[in-house]
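Heads up, the thing below is written out as structure tokens.
Coordinate-derived values only; no laboratory data. Note that the coordinates shown come from a computational prediction; the quantities given were computed from them, not determined experimentally.
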Amino acid sequence: MSTIRLLVLGAVRRRGRAHGYQVRSDLEAWGAHEWSTAAPGSIYHALKSMAAQGLLREGGAENSAAGPPKTEYELTEGGEEAFFGLLRDALCSHDQRLDLLGAAVGFIDELSRPEALDLLRIRAQAMEQWKESIVSHLPPDVDLRAWGPVGEVIGLWLHTAESRYEWTNGLIARLEKGAHRMKGDP
């Protein structure tokens, strides 16, 4: 699953039509360059690549007094499907990559509240199962510190699974209480 694809498709979708500099500016304003692979080169490459794949349509070029015309992009029907597929998969997956989850949460308001809640509940269940799968391989009452660096790695994964489970449940609770304006909200 590609974080840059989700970010670029989402940024173009939010604008309706955008050129590369606008997409780059939006992602930088969201801080995506700090927590993902959304570097300028990868953004422009993603735009061209997804246009070649039929996910984006190249529109007319916007003229600029500051330089050459800028190619504008908009989502195709396939691009809409790809965006929502990536968004839904990222929200319900227990993928360990925080950049992908961050991108998905940034676009969560593109979904209806019930759908977002359903996907997050699937994610919480997946996180709980991930933790249980780690614990199931450990002897009862194990002291992970006695295992040296391997115990530290196992402790890191257990902590990660627990904290992500708690965070996901916190977001579920906030959404249930009406946090954030979601698609279809009055």
*Report, ordered by chain and residue number, the lysines lying within cross-link reach of LYS48, taken as a straight Cα distance under 18 Å and ignoring same-chain residues fewer than 8 apart.*
LYS70
_Derived scalar couplings ³J(HN,Hα) [segment 115-121; Karplus, 6.51 cos²θ - 1.76 cosθ + 1.60; whole Hz; x for Gly, Pro]_ = 5, 4, 5, 4, 5, 5, 5
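What relative contact order, as a whole-number percentage, does the chain give when Cα pairs under 8 Å and 6 or more residues apart are counted?
Working: 206 pairs, mean separation 38.0, N = 186.
Computed over the chain, the figure is 20 percent.
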_DSSP beta bridge pairing in the chain, given as percent antiparallel to the nearest 5_ = 90 percent
*Quick one: which residues, 5+ away or cross-chain, put their amide H under 5 Å from the amide H of GLY59? H built at 1.01 Å from N.*
GLU72, TYR73, GLU74
*Read-out Kirkwood radius over Cα pairs in Å, derived from the coordinates shown; its label in (i) 18.3; (ii) 17.0; (iii) 19.3*: (i)
_Derived scalar couplings ³J(HN,Hα) [segment 91-104; Karplus, 6.51 cos²θ - 1.76 cosθ + 1.60; whole Hz; x for Gly, Pro]_ = 6, 9, 7, 9, 2, 7, 7, 5, 5, 5, 4, x, 4, 5
_HN-Hα J in Hz across segment 26-41 - Karplus 6.51, -1.76, 1.60, θ = phi - 60°, x for Gly and Pro_ = 4, 5, 5, 5, 7, x, 4, 5, 8, 10, 9, 8, 7, 7, x, x
*How large is the Kirkwood hydrodynamic radius of segment 111-176, in angstrom, based on all distinct alpha carbon pairs?*
13.1 Å
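Taking only C-alpha pairs under 8 Å that are 6+ residues apart, what is the relative contact order of segment 3-84 in percent? Don't skip to the end; give the middle numbers.
Values: 104 pairs, mean separation 29.9, N = 82.
Reported as a whole number, the value is 36 percent.
Full-extension gain between ARG14 and ALA173, please, as 0.36 nm times their residue separation minus the C-alpha to C-alpha distance. It would help to have the intermediate numbers written out before the result.
Numbers: separation 159, 0.36 × 159 = 57.24 nm, distance 2.60 nm.
Value of the extension gain: 54.6 nm.
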